[in-house]
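Below is one structure, written out as structure tokens; comments come after it.
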Amino acid sequence: MMQENIKLIDLVIELVDARVPLSSRNPDINELGKNKARIVLLNKADLGDPVYNGQWMNFFKGQGAYALEINAKTGAGIKAINDLVQEACREKLERDRKRGIVNRPVRAMVVGIPNVGKSTFINSFAGKACTRTGNKPGVTKGKQWIRLNRSLELLDTPGILWPKFEDREVGMRLAFIGSMNDEVIIREELACDLLGCLQELYPEAVCERFGIRWQRTFAETLEEIARGRGCYNKGENLDLKKASDILLDDFRSGRLGRMTLERP
Ligand code: G4P
């Protein structure tokens with residue numbers, strides 16, 4: 001579907017997750033979106049570590065991309081996108097002008113892996129004031145475009161990129177942020193993997209949040225969390241699955257603090 005739609009657009013707006021800006025990218029987009037202008041949006045910036053949000057912005061800009069930190073949920077940072085679109089599409093607009101085409105809006109498509117915030121972003125960016133064009137009964141058939149203003153139209157179905165991972169680390173990070181179906185993953189194992197990352201990057205955060213100390217192994221640390229949170233099942237055994245859910249939930253919601261698991 002994306003291959004089909006990409007022909008219709010001038011600009012690819014790629015969303016990545018600020019907590020794992022590399023693992024949440026799908027490298028296929030480079031092939032799919034070649035010859036198109038590109039903007040990288042570091043979404044969920046409210047959940048990423050502010051220090052590393054800044055470093056990632058520099059990294060993307062250093063690669064020649066147009067990049068912006070945003071929070072699609074609150075709309076923070078979104079206003080600046082219109083100017084960035086003009087900048088990213090300058091060549092195209094210039095070409096149009098030379099051919100005598102004026103006022104043809106830039107057409108953009110939002111892409112990203114599941115759960116990165118594409119729908120939230122489109123709603124927030126388009127707002128309520130926008131008009132949906134195309135597919136009006138009896139009027140036109142075909143793609144639905146959201147007219148944002150005189151100079152920008154957005155395809156209203158985002159391009160869903162499958163997360164791509166050859167190595168276990170990347171798959172694990174995608175599971176931490178909830179971009180993979182984690183019903184197929186053993187919760188306790190995932191929680192221990194997350195503890196491994198956190199011990200290396202944010203060791204204090206875990207101790208402060210749960211009032212515990214790091215134990216000899218991650219499994220023992222998880223047991224401490226279970227004890228601290230009163231996670232027991234019927235037989236008065238520790239309920240490690242419940243403790244794992246608490247840890248993962250706290251990480252995903254930002255209650256453990258703003259964290260970035262990948263460094264540029
Ligand atoms: P998708 O279309 O790419 O699959 O993602 P979607 O917009 O459905 O967003 C996935 C989840 O991420 C949603 O949470 C959404 O609210 C949240 N989200 C999107 N952008 C941001 C952001 O910038 N910051 C934060 N903190 N969260 C963001 P949910 O749990 O599915 O729903 P809800 O908790 O909002 O009810």
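Read-outs throughout are calculated quantities, based only on the coordinates presented, and are distinct from any laboratory measurement. Because the structure is a prediction, the values reported are computed rather than measured. Glycine gets a Cβ as well: all are built from the backbone with ideal geometry, and neighbour counts include every protein chain shown.
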Order of Phe251, Phe165, Phe60 under a 10 Å beta carbon neighbour criterion, fewest first: Phe165, Phe60, Phe251
Given Cβ point charges of +1 (Lys, Arg) and -1 (Asp, Glu) and nothing else, what value in debye, to the nearest 20, does the dipole of the stretch 1-52 about its Cα centre take? 100
Which entries of Lys98/Lys118; Lys7/Lys164; Lys92/Lys164; Lys44/Lys241 show an alpha-carbon separation above 29 angstrom in the structure shown? Lys98/Lys118; Lys92/Lys164
Quick check: pseudo-label points 7 Å beyond the Cα along Cα→Cβ at Ser151 and Gln63, how many nm apart are they? 2.6
Lys/Arg Cβ at +1, Asp/Glu Cβ at -1, dipole of the chain taken about the Cα centre: which of Phe125, Leu194, Ser24 is farthest positive-ward? Phe125
Based on the Cα atoms of the stretch 213-264, what semi-axes does the equivalent ellipsoid have, where each is the square root of 5 times one gyration tensor eigenvalue, given in whole Å with the largest first? 24, 13, 8
Taking the Cβ of each residue in Glu14, Glu200 as the centre, tally the other Cβ atoms inside 10 Å and list the residues starting with the fewest. Glu200, Glu14
Cβ charges +1 (Lys, Arg) and -1 (Asp, Glu), total dipole of the chain, debye: 1720
Put a dot 7 Å past each Cα toward the Cβ at Glu31 and Asp245; how far apart are the dots in nm? 4.0
Among DSSP beta bridges lying fully in the chain, give the percent that are antiparallel, nearest 5. 30
Kindly put Lys234, Lys242 in sequence by how many other C-beta atoms sit within 10 Å of each C-beta, fewest to most. Lys234, Lys242
Does the chain classify as rounded, prolate or oblate by the C-alpha gyration tensor (a ≥ b ≥ c root eigenvalues; a/c under 1.5 gives rounded; else a/b over b/c gives prolate, otherwise oblate)? prolate
If you take the beta carbon distance between Glu87 and Glu166 as r and set R0 to 45 Å, what does 1/(1 + (r/R0)^6) give as a FRET efficiency, to the nearest 0.05? 0.85
5 Å is the cut-off here: which amide hydrogens, built 1.01 Å from N in the peptide plane, fall below it relative to Ser24, excluding neighbours closer than 5 in sequence? Asp17
Would you work out the charge dipole size for the stretch 133-262 about its Cα centre, treating the Cβ of every Lys and Arg as +1 and the Cβ of every Asp and Glu as -1, and quote it to the nearest 20 debye? 860
Lys/Arg Cβ at +1, Asp/Glu Cβ at -1, dipole of the chain taken about the Cα centre: which of Val40, Asn233, Val102 is farthest positive-ward? Val102
Quick check on the chain: helices-only [θ] at 222 nm, where DSSP H runs of length 4 and up contribute -39,500 (n - 2.57) each and the sum goes over total residues. Nearest 500, please. -11500 deg cm²/dmol
